[in-house]
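Chemist: Pasting a structure here, questions to come.
The values are calculated or read from the model by the stated rules, or taken from the named source; none is laboratory data. Since this is a predicted model, take the numbers as computed values, not measurements. Using ideal geometry, Cβ is built from the backbone for each residue, glycine included, and neighbour counts are taken over all protein chains shown. SASA here: full protein model, heavy atoms, side chains in, ligands and nucleic acids out. Shrake-Rupley method; radii C 1.70, N 1.55, O 1.52, S 1.80 Å.
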Amino acid sequence: MIQEGGDDAEFRALMDKITRDSGFQCSSYKDKCLRRRIAVRIRARGASGCAEYAGMLDNDPREYERLIRSLTVNVTKFFRNWETYSAIDQKVVPALMEKGEREIRVWSAGCSSGEEPYSIGILMHKHSSANGGGGLESVSIVGTDIDTDCLGEAERAVYAESALGDTPADLRDQYFPQIAGLRTMLPEVRRLVTFEARDLLHFQPPFENAHLIVCRNVIIYLERAAQEALFAHFHQTLTPGGFLVLGKVETLLGDARGLFSPVNARERIFRKV
Ligand SMILES: C[S@@+](CC[C@H](N)C(=O)[O-])C[C@H]1O[C@@H](n2cnc3c(N)ncnc32)[C@H](O)[C@@H]1O
């Protein structure tokens, strides 16, 4: 049954086709996730299986967009898992901002519609304000994602109230002006963050010598070999002592365990050794 992938040869042929046509590297993603998500699209289109669905992709570019969107999983929110952001607030932001570096480079890898890099921007702005202002001119936060629709939303920076479900009330009131029932991002934070389309699996960082890489709830969808390759890539991209933050259910694997030391293991905050 196609629910979990259907005929294996047809499924493989569909994966190859998707990678060939769109550049989306199916082989790096966990098979089970791909099968589940493709099955949803096949059902939604009433196709009999992978082969018929492949034909639909050829005839309908919008279905291709829907499929890639569903394969990449864009769920996010501001301050997702507040405890993690609280630990970033206490351990990471002061370490970065009190260092007196000329530039503080932050990379949110797999940033979806921008909630993650803006959350980091808010913490940096808050730290600066609590310390007499200043320091923000050296902050550069880049959010990257494979999904250009999401990046468009990130640049617009207009959010539904539901995106703020994990946001403490004081931060919500201070940083998210309300316009017509929606929330926008305070311009002082917005200008700290830029966005770029990148496929993480092409291993091109938006800059060298990053001080902080936040890559949360992305590697969980990847096969182990791709996860390990990404950890090595992050290690190479970080400046010595630079921080890496993963998602709550993600952790370092294989050789990567020797490349980073835990800062707060529970919140998945590590430092390049
Ligand atoms: C579940 S969201 C996580 C968003 C945010 N990091 C968070 O934790 O709330 C996963 C994001 O990773 C992006 N993504 C998946 N594969 C990617 C790839 N190969 N390159 C870049 N971004 C990717 C998806 O488009 C999606 O926006």
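Chemist: Which value, in Å², gives the accessible area per residue of the chain when a 1.4 Å probe is used on the protein heavy atoms? Walk me through the numbers before you get to the answer.
Modeler: On the way: 12410 Å² over 273 residues.
Normalised by residue count, the accessible surface of the chain is 45 Å².
Chemist: Here is a follow-up. What residues qualify as long-range amide H neighbours of GLU223, i.e. H under 5 Å apart, gap of 5 or more or another chain, H built at 1.01 Å from N?
Modeler: TYR29, LYS30
Chemist: Among residues other than ASP58 whose Cβ falls under 10 Å from its Cβ, what is the net charge (Lys/Arg +1, Asp/Glu -1)? Write down the numbers at each step before the final one.
Modeler: Working: positive: LYS17; negative: ASP21, ASP60, GLU63.
Taking every Cβ under 10 Å from that of ASP58, the sum is -2.
Chemist: Something else about it: Go through LEU253, ASN217, HIS235 and say which Cα lies farthest out towards the positive end of the charge dipole of segment 183-273; charges sit on Cβ, +1 for Lys and Arg, -1 for Asp and Glu.
Modeler: ASN217
Chemist: May I pose another question? Under 12 Å from the Cβ of ASN209, count the other residues' Cβ atoms, weight Lys and Arg +1, Asp and Glu -1, and hand me the total.
Modeler: Residues near ASN209 contribute 0 overall.
Chemist: Given the DSSP H assignment, sum -39500 (n - 2.57) over each helix run of at least 4 residues in the chain and divide by its residue total; what's the result at 222 nm in deg cm²/dmol, nearest 500?
Modeler: Values: 11 runs with 113 residues, N = 273.
Value at 222 nm, helices only, nearest 500: -12500 deg cm²/dmol.
Chemist: Give the residue from ILE68, ALA130, PRO187 lying farthest towards the positive end of the charge dipole for the chain; charges sit on Cβ (+1 for Lys and Arg, -1 for Asp and Glu) and the dipole is referred to the Cα centre.
Modeler: The Cα lying farthest towards the positive end belongs to ALA130.
Chemist: Now a separate question. From the Cα gyration tensor of segment 2-72, with a ≥ b ≥ c the square roots of its eigenvalues, which class applies: rounded if a/c is under 1.5, or else prolate if a/b is larger than b/c, or else oblate?
Modeler: rounded
Chemist: For segment 1-154, just run the numbers: alpha carbon Rg, then divide by 2.2 N^0.38 Å, N being how many residues it has.
Modeler: Values: Rg = 20.7 Å, N = 154, 2.2 N^0.38 = 14.9 Å.
Compared with the compact-globule rule of thumb, segment 1-154 sits at 1.39.
Chemist: Read phi for every residue in segment 190-199 and hand back ³J(HN,Hα) as whole Hz from Karplus 6.51 cos²θ - 1.76 cosθ + 1.60, θ = phi - 60°, with x for Gly and Pro.
Modeler: 4, 6, 7, 10, 10, 10, 9, 7, 8, 8
Chemist: If you average the alpha carbon positions of segment 245-273 and of segment 154-212, how far apart do those two centres end up, in angstrom?
Modeler: For segment 245-273 versus segment 154-212, the Cα centre distance is 24 Å.
Chemist: What shape does segment 70-207 have by the C-alpha gyration tensor, where a ≥ b ≥ c are the square roots of the eigenvalues, rounded means a/c under 1.5, and otherwise prolate means a/b greater than b/c and oblate the rest?
Modeler: oblate
Chemist: Looking only at the chain, where both bridge partners belong to it, what percent of the DSSP beta bridges are antiparallel (to the nearest 5)? Kindly include the intermediate steps, with their values, before the conclusion.
Modeler: Working: 12 of 31 bridges.
In the chain, approximately 40 percent of DSSP beta bridges are antiparallel ones.
Chemist: Suppose every Lys and Arg Cβ carries +1 and every Asp and Glu Cβ carries -1, with no other charges. What dipole size does the chain come out with about its Cα centre, to the nearest 20 debye? Spell out each step's value before the answer.
Modeler: Details: 35 positive and 38 negative charges, 101 e Å.
Charge dipole, the chain, about its Cα centre: 480 debye, nearest 20.
Chemist: Which whole-number value in Å³ per residue fits the convex hull of the alpha carbons of the chain?
Modeler: 129
Chemist: Loop only by DSSP, 14 or fewer other Cβ within 10 Å of the Cβ. Give me the chymotrypsin sites (Phe, Trp or Tyr not before Pro) in segment 143-240 that pass, ordered by residue number.
Modeler: Values: sites: TYR159, TYR175, PHE195, PHE203, PHE207, TYR221, PHE231, PHE234; in loops: PHE203, PHE207.
When the chymotrypsin sites (Phe, Trp or Tyr not before Pro) of segment 143-240 are filtered for loop state and at most 14 Cβ neighbours within 10 Å, PHE203, PHE207 remain.
Chemist: Scan around GLY143 for amide H atoms under 5 Å from its own, H built in the peptide plane at 1.01 Å from N, and keep only partners 5 or more places away or cross-chain.
Modeler: SER108, THR194, PHE195, GLU196
Chemist: Right, next: List every residue whose amide H lies under 5 Å from the amide H of LEU238, counting only residues 5 or more places away in sequence or on a different chain, with H placed 1.01 Å from N in the peptide plane.
Modeler: Excluding prolines and chain starts, which carry no amide H, the hits are ALA210.
Chemist: According to the square roots a ≥ b ≥ c of the eigenvalues of the Cα gyration tensor, what is the shape class of segment 164-273, taking rounded for a/c under 1.5, prolate for a/b larger than b/c otherwise, and oblate for the remainder?
Modeler: Judged from the Cα gyration tensor, segment 164-273 comes out prolate (a/c at least 1.5, a/b above b/c).
Chemist: Along the charge dipole of segment 2-72, Cβ charges K/R +1 and D/E -1, which of CYS33, GLY49, ALA9 sits furthest on the positive end?
Modeler: Most positive-ward Cα: CYS33.
Chemist: To continue, here is another question. How big is the gap, in Å, between the Cα center of segment 18-63 and the Cα center of segment 97-131?
Modeler: 36
Chemist: How large is the dipole of segment 2-72 about the Cα centre if only Lys and Arg carry +1 and Asp and Glu carry -1, each at its Cβ, rounded to the nearest 20 debye?
Modeler: Using only the charged Cβ atoms, the result is roughly 380 debye.
Chemist: Sticking with this structure for a sec: In the chain, what is the count of Lys pairs whose alpha carbons are under 22 Å apart, counting only pairs at least 8 residues apart or on separate chains?
Modeler: 14
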